[in-house]
Amino acid sequence: MEVLDITESPGSPAKPSEDRAGAAGNLAWVIDGATDFTGEMTLPGGSNVQWLVDVVDRVLRDIGALGEVTDVSEVFGLLGKAVRDELAAVGTDDLRHHPCCSIGLAASDGEAVELGRIGDAVLLAFGRDRLTCEVSTDFFDRREAAAVQRSRSAAQTRDQVVADMFERRLEYIRGVHEESVFSAHPAGVVQVHRRTVPSSQAETVLLCTDGFARAVNEYRLFTDWQSLGLHARRDGLGSVTSLIRRHEARRPAGATGAHFKSADDVAAVLLTTRTGVDHGRS
């Protein structure tokens with residue numbers, strides 16, 4: 001696979017992004033760190049979540065550079081062991097909440113591309129500008145929207161909102177639903193959702209975090225994934241991010257819709273399985 005474009009953008013200028021996008025060898029990925037909201041800093045780095053997404057990004061880069069693993073479940077297995085080992089080396093005595101994240105992954109063996117996700121990353125494959133594969137979920141959006149509505153109707157305090165949020169995350173970490181998130185928690189269970197697409201039907205692949213996906217499924221800046229993909233290929237991922245940020249800036253102060261945050265971090269990577277592709281955009 002060849003990277004056509006890549007972007008990362010923080011949802012707030014006051015905080016570094018907790019999302020990552022990257023590629024190495026036969027792998028490409030996006031990582032969406034779950035915001036802590038408690039400011040816990042018991043792990044090295046800017047925050048516990050920053051520590052996790054940085055380690056995940058580095059380990060995936062190391063695995064991809066070898067170019068030996070083409071099965072996304074195997075990649076996730078190697079990743080889980082490596083992150084658990086690093087967390088054990090750091091120590092967890094003072095850790096109150098295990099950081100977690102969503103991960104979207106693409107692995108190529110030259111003949112096909114396997115797309116796999118843990119959490120709410122969106123993975124799209126296009127052949128001849130036609131959407132051929134979508135790996136996504138609305139599970140987390142539906143649960144967040146219900147939690148937002150519940151917090152407003154019950155006039156919950158911030159502490160109550162945060163406590164409920166971490167209770168839901170612990171369920172995701174333990175894999176008690178059909179969806180999960182990635183963490184190094186000793187009781188962690190991951191639900192990997194994956195699809196394999198022939199390279200001929202995956203000429204272009206787009207991986208993105210839910211902040212980027214809001215351009216379709218919440219903000220309606222594009223009618224569907226196909227139109228988003230066409231725009232990204234023509235005008236670049238940064239153009240989509242700019243549209244997202246302008247839309248968020250136009251909304252009334254404090255407007256969050258079905259989310260607790262008015263703006264989210266963004267990460268996306270655009271790939272091609274074709275060689276010799278013109279990187280210029282018309």
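The values are calculated or read from the model by the stated rules, or taken from the named source; none is laboratory data. In this text the structure is predicted, and so the values were computed from the model without any measurement. Virtual Cβ from ideal backbone geometry, glycine too; neighbours counted across all protein chains shown. Side chains are part of the model used for accessible areas, which takes the heavy atoms of the whole protein and leaves out ligands, DNA and RNA. Shrake-Rupley method; radii C 1.70, N 1.55, O 1.52, S 1.80 Å.
All of L95, L124 fail the test of being over 23 Å from V30 (Cβ atoms) and touching a Leu at 6+ places or on another chain (Cβ under 9 Å), apart from L95. None of F260, F222, F182 is modelled with pLDDT of 95 or more, surrounded by 14 or more Cβ atoms within 10 Å (Cβ to Cβ), out of contact with any strand residue (DSSP E or B) (no Cβ under 9 Å at 6 or more places or on another chain) and closer than 29 Å to P16 by Cβ except F222.
Residues of region 185-233 that are more than 16 Å from the chain's Cα centre (by Cα) and β-branched (V, I, T): V189, T196, V197, T204, T223. Where strands (runs of 3 or more DSSP E) fall wholly inside region 1-50, the ranges with 3 or more residues that are open to solvent by 50 Å² or more (accessible area, probe 1.4 Å) are 2-9.
State whether one or more residues within region 85-108 are within 22 Å of F212 (Cα to Cα), open to solvent by 30 Å² or more (accessible area, probe 1.4 Å) and either in a loop (DSSP other than H, G, I, E, B) or in contact (Cβ under 8 Å) with a residue 24 or more places away in the chain (or both). No; the residues of region 85-108 include none that is within 22 Å of F212 (Cα to Cα), open to solvent by 30 Å² or more (accessible area, probe 1.4 Å) and either in a loop (DSSP other than H, G, I, E, B) or in contact (Cβ under 8 Å) with a residue 24 or more places away in the chain (or both).
One line per residue, one yes/no per condition, for (1) surrounded by 16 or more Cβ atoms within 10 Å (Cβ to Cβ); (2) closer than 20 Å to T7 by Cβ:
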residue: D159; (1), (2): no, no
residue: G175; (1), (2): yes, no
residue: Q201; (1), (2): yes, no
residue: D235; (1), (2): no, yes
residue: T241; (1), (2): yes, yes
residue: H247; (1), (2): yes, yes
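Tell me, please, whether a residue that is free of Cβ contacts under 8 Å to residues at least 24 places away in the same chain and open to solvent by 10 Å² or more (accessible area, probe 1.4 Å) can be found in region 112-133. No, region 112-133 contains no residue that is free of Cβ contacts under 8 Å to residues at least 24 places away in the same chain and open to solvent by 10 Å² or more (accessible area, probe 1.4 Å). The residues of region 51-68 that are open to solvent by 20 Å² or more (accessible area, probe 1.4 Å) and either closer than 15 Å to D265 by Cβ or assigned to a loop (DSSP other than H, G, I, E, B) (or both), listed by number, are D54, D57, G67, E68.
In region 149-167, is there at least one residue being under 21 Å from T38 (Cα atoms), in contact with a His (Cβ under 8 Å, 6 or more places away or on another chain) and charged (D, E, K, R)? The answer is no; no qualifying residue exists.
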